[in-house]
Amino acid sequence: MSTLEIRGLRVNVGDKEILRGVDLTVRSGETHAIMGPNGSGKSTLAYAIAGHPKYTITGGSVLLDGADVLAMRVDERARAGLFLAMQYPVEVPGVSVSNFLRTAVTAVQGEAPKLRRFAADLKAGMDALHMDSSFAQRNTNEGFSGGEKKRHEILQLELLKPKIAILDETDSGLDVDALRVVSEGINRFRSSETGVLLITHYTRILRYVTPDFVHVFAGGRIVEEGGPELAERLESEGYEAYAKATA
Amino acid sequence: MGSEKGLLAGPGNATGKPLSTLHEKSSFNVEDFPVPTGREEEWRFTPLSRLKGLHDGKAVQDGADKVDLSLPEGVTAELVDRDDPRVGKAGAPVDRVAAQAYASFEKATVLTVPQEFTGDPVRIDLHGQGGTVFSHLVVDVKPMAEAVVVIDHTGTGVRAANIDFLVGDGAKVTFVSLQDWDADAVHVAQHNARLGRDATYRSVVVSLGGDLVRLSPRVNYTAPGGDAELIGLYFADAGQHLEHRLLVDHSVPNCRSRVTYKGALQGEAAHSVWIGDVIIRAEAEGTDTYEYNRNLLLTDAARADSVPNLEILTGEIAGAGHASASGRLDDEHLFYLQARGIPADTARRLIVHGFFNELIGRIGVPEVEERVLAAVEAELAR
């Protein structure tokens with residue numbers, strides 16, 4: 001059982017305050033959806049938790065099973081069991097997918113996986129995500145289509161087996177087929193042992209990945225919370241009410 | 001490019017034919033080159049005080065190499081004098097040190113690769129044992145031969161050399177020059193390649209060791225269809241000066257050239273210089289050329305100078321371009337890898353390997369590729 005506990009989190013980019021006190025708890029076995037208009041600070045929450053250097057924490061705390069996440073380096077956070085699937089995965093020239101993934105699995109597990117075992121896991125993961133086997137030899141994210149990048153993020157999720165996964169707009173830019181494949185990957189990952197924080201602008205992915213809790217983000221904080229029915233209301237009414245409320 | 005011939009030209013002469021401004025003077029006579037002061041364009045990046053007298057006439061031949069030459073069957077070696085017509089045929093010295101080397105060597109070595117030769121690489125292991133050495137090597141590759149020549153520089157000392165490649169019609173040559181010197185070595189060399197019709201020349205320069213390395217790979221064409229690929233990889237550590245000055249002179253139609261140099265620098269006062277000169281003369285219609293230099297600065301106090309010069313004197317070309325960029329490790333690359341649990345030093349190593357990998361894969365000589373991969377690994381472990 002794991003718990004990610006975010007308390008009063010305040011985050012700046014430069015001099016500008018983006019997050020203005022976020023409180024949220026994600027436990028194993030739970031799937032939380034964070035929804036909100038563009039610019040509401042959803043992605044900032046994801047990157048601040050992962051430790052991107054662009055974001056400055058000005059207040060609050062983030063604890064993973066009681067351990068102070070904000071005191072950890074970026075790689076330590078990942079090894080502690082946090083995973084961020086990025087909206088815009090970064091191209092790393094000259095580093096093959098298989099080399100990258102093997103290095104990451106080695107780092108997270110603390111020892112190099114047996115080659116045969118790793119190759120089998122990689123192949124199974126790629127098959128499940130309908131990825132061609134040539135994928136492993138390509139350079140990490142280089143020349144990937146939007147859908148390929150997102151599949152590659154979910155492949156990492158399956159191989160690295162984090163405790164809590166934060167998925168930042170994993171659904172954006174996907175066609176229906178890719179959305180279904182990626183959603184199936186997320187659902188395979190969900191279990192009583194894992195927690196998911198799904199950040200999205202659209203309700204579309206929530207038809208495939210049903211959340212237990214829905215939080216509406218606006219103006220750098222959570223302004224409303226509810227169950228799956230809240231997503232349905234947003235689907236019909238949009239974010240306008242919240243945009244006005246925070247303007 | 002579709003403009004009328006000559007419209008893009010620089011200065012003209014009495015006949016109206018455009019002249020290149022890039023082509024430095026060349027001469028076999030040392031006296032034609034004044035002792036450099038460091039203010040000259042071709043010397044402004046080079047720390048003259050560390051040249052051990054190669055540039056001002058003070059250096060005299062007082063050293064020796066331990067040479068291990070392995071020749072595949074069919075390839076011959078001979079020692080000849082300066083007046084042998086093959087010596088200097090590929091190109092004349094373009095700076096004072098190259099002219100000094102030409103004036104000072106005792107005997108030139110000529111390797112002859114016979115017509116239609118195929119076989120194992122020629123290997124020349126040069127282990128410097130201290131002192132100053134002037135040398136001249138000519139590799140005469142006859143038509144339709146396919147040859148790989150690997151020169152491996154190790155050890156210490158001061159070396160000024162000219163290396164000439166005469167690449168016959170339809171021949172294919174790969175020339176690898178590895179600079180794996182001890183930390184105090186000084187090495188200045190001019191590489192001249194003269195390409196025949198439909199000849200292919202690949203120059204691979206790998207500079208890792210030495211206090212000061214200054215190499216000038218140059219290519220000229222004598223007939224259409226020539227194809228030159230010049231690739232280079234360097235890794236400058238604290239205090240090292242690694243300089244590569246390239247010139248591709250397109251003077252006949254329908255030839256191709258590609259220049260790709262990549263370097264990494266780390267440590268206080270690590271310095272690299274890349275000069276990429278390409279001339280497309282008025283006669284060289286249908287030229288296809290591209291030159292590329294990238295530098296990765298791994299620490300703050302390193303400096304990479306990168307100067308591409310492309311001089312186009314005809315509008316009728318197939319393609320011409322250059323790109324040059326120097327920068328630090330990309331923070332987004334580091335973040336992405338670290339966000340997957342990979343510690344910063346491992347992430348940095350992965351990125352630098354990635355930076356060089358594609359280039360190493362293009363060397364095309366497997367044992368050299370392995371050696372260079374291992375060398376990059378060793379540099380990163382420092």
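The values are calculated or read from the model by the stated rules, or taken from the named source; none is laboratory data. Remember, it's a predicted structure, so these values are computed and weren't measured experimentally. Virtual Cβ from ideal backbone geometry, glycine too; neighbours counted across all protein chains shown. We work out accessible area using only protein heavy atoms, side chains counted, and drop any ligands, DNA or RNA first. Shrake-Rupley method; radii C 1.70, N 1.55, O 1.52, S 1.80 Å.
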Got a sec? Which residues of the stretch A:4-52 lose 10 Å² or more of accessible surface with every protein chain in place, vs. that chain alone, 1.4 Å probe? A:Ala50, A:His52
Which residues among the stretch A:139-156 fall inside the zone where the amide N is under 17 Å from a point 7 Å beyond the Cα of A:Thr106, along Cα→Cβ? A:140
For the stretch B:169-237, take the alpha-carbon Rg, divide it by the Kirkwood Rh, and send me Rg/Rh. 1.08
Give the dimensionless ratio obtained when the Cα radius of gyration of the stretch B:330-382 is divided by 2.2 N^0.38 Å. 1.26
With R₀ set to 25 angstrom, the calculated FRET efficiency between the beta-carbons of B:Glu268 and A:Ala71, to the nearest 0.05, is 0.20
Translational diffusion of the stretch B:30-328, µm² s⁻¹ [Kirkwood Rh, Cα pairs; Stokes-Einstein; 20 °C; 1.002 mPa s]: 111
Please compute the Kirkwood hydrodynamic radius over the protein assembly as shown, one decimal place, Å, based on all pairs of different Cα atoms. 27.8
Enter the buried accessible area of the B/A pair, total of both sides, probe 1.4 Å, in Å² rounded to the nearest 100. 1900
Surrounding charge for B:His153, neighbours by C-beta under 14 angstrom, Lys/Arg +1, Asp/Glu -1, total -3
How high is the FRET efficiency between B:Arg39 and B:Glu283 when r is their beta carbon distance and R₀ equals 25 Å, given to the nearest 0.05? 0.15
Exposure of A:His201 as accessible area (Å², to 10), given a probe of 1.4 Å and all protein chains: 40
Leaving out ligands, DNA and RNA, and with a 1.4 Å probe, what % of the accessible surface on chain B is carbon or sulfur? 48
Value at 222 nm in deg cm²/dmol, rounded to 500, when DSSP H runs of n ≥ 4 in chain A each add -39,500 (n - 2.57): -11000 deg cm²/dmol
How large is the accessible surface per residue of the stretch B:30-328, computed with a 1.4 Å probe and reported in Å² as a whole number? 34
Losing no less than 30 Å² of accessible area (probe 1.4 Å) relative to the isolated chain, the residues of the stretch B:325-342 are B:Glu332, B:His333, B:Phe335, B:Tyr336, B:Leu337, B:Gln338, B:Ala339, B:Arg340, B:Gly341, B:Ile342
Select from A:Val62, A:Val97, A:Val176 the residue whose mean-square fluctuation is largest in a Gaussian network model of chain A (Cα-Cα springs shorter than 10 Å). A:Val176
Would you please give the FRET efficiency between B:Asp81 and B:Asp345, computed as 1/(1 + (r/R0)^6) with r the Cβ-Cβ distance and R0 = 45 Å, to the nearest 0.05? 0.25
In whole Å, how far is the Cα centre of the stretch B:306-382 from that of the stretch A:22-99? 29
If the label point sits 7 Å along Cα→Cβ of B:Arg303, residues of the stretch B:232-270 with amide N under 16 Å come out as B:236-244, B:265-270
Choice from A:Arg207, A:Arg221, A:Arg20 showing the highest fluctuation, given a GNM over chain A with Cα pairs closer than 10 Å: A:Arg207
Accessible surface ranking that places the most exposed of A:Tyr202, B:Tyr221 first, with a 1.4 angstrom probe: A:Tyr202, B:Tyr221
Counting DSSP beta bridges with both ends in the protein assembly as shown, the antiparallel % (nearest 5): 20
Under a 1.4 Å probe, what is the accessible area of the stretch B:330-382 per residue, stated in Å²? 41
